[in-house]
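Here the structure comes first, spelled out in structure tokens, and everything after it is commentary.
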Amino acid sequence: TSNLEYIITKKVGEKNNIGLVQLNRPKALNALCDGLVTELTEAVSAYDADDKVGAIIVTGSERAFAAGADIKEMLNQTYSSNLKTGLLQQWDNLSKCKKPIIAAVNGFALGGGCELAMMCDIIYAGEKAKFGQPEIIIGTIPGAGGTQRMIRSCGKSFAMEVCLSGNQITAQEALMRGLVSKVFPPEKLVEEAIKLAEKISEHSPLIVALCKESVNHAYESTLSQGLKFEKKLFYGTFATDDRKEGMAAFVEKRKPNFTNN
Ligand code: CO8
């Protein structure tokens, strides 16, 4: 029933409340052509707006999460065409998503693929995943956060090495460096991401969104500003029904019944 060309989307999980977006351009290892990125950002926005969805998963195939921006598409672009079309601006829509996004990465996550994973809130990797920022090899630099986000999770020396060498990193190394939070056998990866998404979705969606916003704020602020922001949101949770319900349920030794209010 869908006319999607580059992705497959479906709701998954026991309660059908997890939005799964699978990149599906196998012949090009899920290279992120314009059409794919448009479909991806629209799918994520649709799940973000869907009250029945608690969390979103972005994944690819066992061979490739995404092998980067589409090099063939970029080949003849120019500085002025990039300025005029606002190349990559549609990516910003992903960061506007209020719901948690889990990247489930099997295979190659290179260039824009690695950047896409880092734009997500949590990265789970399959044992054979390969991360990297190989733009330098083809005469350019990362353009969707590669030089900015990796340094924040892995530190300067490592991020610099990855961006300057173009070398691929294994899942084990990504785990050790803090790029990903867990590693699983490839065939278990999506299942584990769904389990995590389901766990998150048990909580109040309203409060989950506030928590995500607060963690992300750490990227943008000093510690004292961030602590102040967090405190405001924390106080703010006391204006919600779900905070009251959550604490009442604990005291009454029962499961909370969150209403998203
Ligand atoms: N763009 C276009 N086509 C690609 C890409 C790509 N990034 N990656 C792979 N493909 C295509 C190949 O051209 C090939 O197609 P064909 O059979 O028609 O020639 C097919 O996918 C299979 O690829 P290979 O035959 O190369 O497969 P291998 O298993 O030999 O190698 C690799 C796999 C190592 C992943 C290899 O394909 C490779 O190095 N790919 C390019 C990786 C890369 O340089 N990525 C960075 C691109 S630049 C970038 O991302 C800039 C970021 C800017 C922001 C992002 C916004 C979208």
Legend entry - Checklist (1) surrounded by 17 or more Cβ atoms within 10 Å (Cβ to Cβ); (2) under 29 Å from Phe65 (Cβ atoms) applied to Met160, failing item: (1)
Inset, instruction - Looking for whichever is touching a residue at least 60 places away in the same chain (Cβ under 8 Å) and basic (Lys, Arg) here; the options are Lys212, Lys255. Which one fits? - result: Lys212
Inset, instruction - Would you be able to say whether some residue in the range 128-137 is assigned to a strand (DSSP E or B), surrounded by 21 or more Cβ atoms within 10 Å (Cβ to Cβ), within 13 Å of the ligand (Cβ to nearest atom) and of a type in the set (Gly, Ala, Ser)? - result: yes
Inset, instruction - Answer yes or no: is there a residue in the range 60-79 that is more than 13 Å from the ligand (Cβ to nearest atom), surrounded by 15 or more Cβ atoms within 10 Å (Cβ to Cβ) and either within 22 Å of Cys154 (Cα to Cα) or at pLDDT 95 or above (or both). - result: no
Inset, instruction - All but one of (1) modelled with pLDDT of 95 or more; (2) in a helix (DSSP H, G or I); (3) surrounded by fewer than 12 Cβ atoms within 10 Å (Cβ to Cβ) hold for Ile207, so report the exception by its number. - result: (3)
Legend entry - Filter pass, Lys232 being in a loop (DSSP other than H, G, I, E, B), more than 22 Å from Arg152 (Cβ to Cβ) and not hydroxyl-bearing (Ser, Thr, Tyr): no
Inset, instruction - Evaluate the range 185-197: report whether one residue or more is surrounded by 15 or more Cβ atoms within 10 Å (Cβ to Cβ) and in contact with an Asp or Glu (Cβ under 6 Å, 6 or more places away or on another chain). - result: yes
Inset, instruction - State all residues of the range 143-152 that are out of contact with any Gly (no Cβ under 7 Å at 6 or more places or on another chain) and either of a type in the set (Val, Ile, Thr) or within 11 Å of the ligand (Cβ to nearest atom) (or both); if no residue qualifies, say none. - result: Gly143, Gly145, Gly146, Thr147, Ile151
Legend entry - Which listed residue is over 13 Å from the mean Cα position of the chain (by Cα), among the aliphatic types (A, V, I, L, M), buried (at least 23 other Cβ atoms within 10 Å of the Cβ) and under 22 Å from Gly111 (Cα atoms), from Leu40, Leu32: Leu32
Inset, instruction - Go through the range 222-261 and give me each residue that's under 20 Å from Ile200 (Cα atoms), in contact with a Ser or Thr (Cβ under 9 Å, 6 or more places away or on another chain) and of a type in the set (A, V, I, L, M, F, W, C). - result: Leu233, Phe234, Phe258
Inset, instruction - Scan the range 8-29 residue by residue and report those that are buried (at least 17 other Cβ atoms within 10 Å of the Cβ), within 14 Å of the ligand (Cβ to nearest atom) and not in a loop (DSSP other than H, G, I, E, B). - result: Leu23, Ala28
Inset, instruction - Can you run down the residue pairs with Cβ atoms below 8 Å, 6 or more apart or on separate chains, where the first is in the range 133-162 and over 18 Å from Trp91 (Cα atoms) and the partner is of a type in the set (Ser, Thr, Tyr) and in a helix (DSSP H, G or I)? - result: Ile136/Ser165; Arg152/Tyr219; Ala159/Thr147
Inset, instruction - Would you mind stating whether Asp48 is away from the ligand (no atom under 14 Å from the Cβ), touching a Cys at 6+ places or on another chain (Cβ under 7 Å) and either modelled with pLDDT of 95 or more or within 26 Å of Lys130 (Cβ to Cβ) (or both)? - result: yes
Inset, instruction - Grab the helices (runs of 4 or more DSSP H) fully contained in the range 53-117, keeping just those with 2 or more residues being touching a residue at least 24 places away in the same chain (Cβ under 8 Å). - result: 71-74, 92-95
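The values are calculated or read from the model by the stated rules, or taken from the named source; none is laboratory data. None of the values given here were measured: they were computed from a predicted structure. Glycine also receives a Cβ, built like all others from the backbone with ideal geometry; neighbour counts cover every protein chain displayed.
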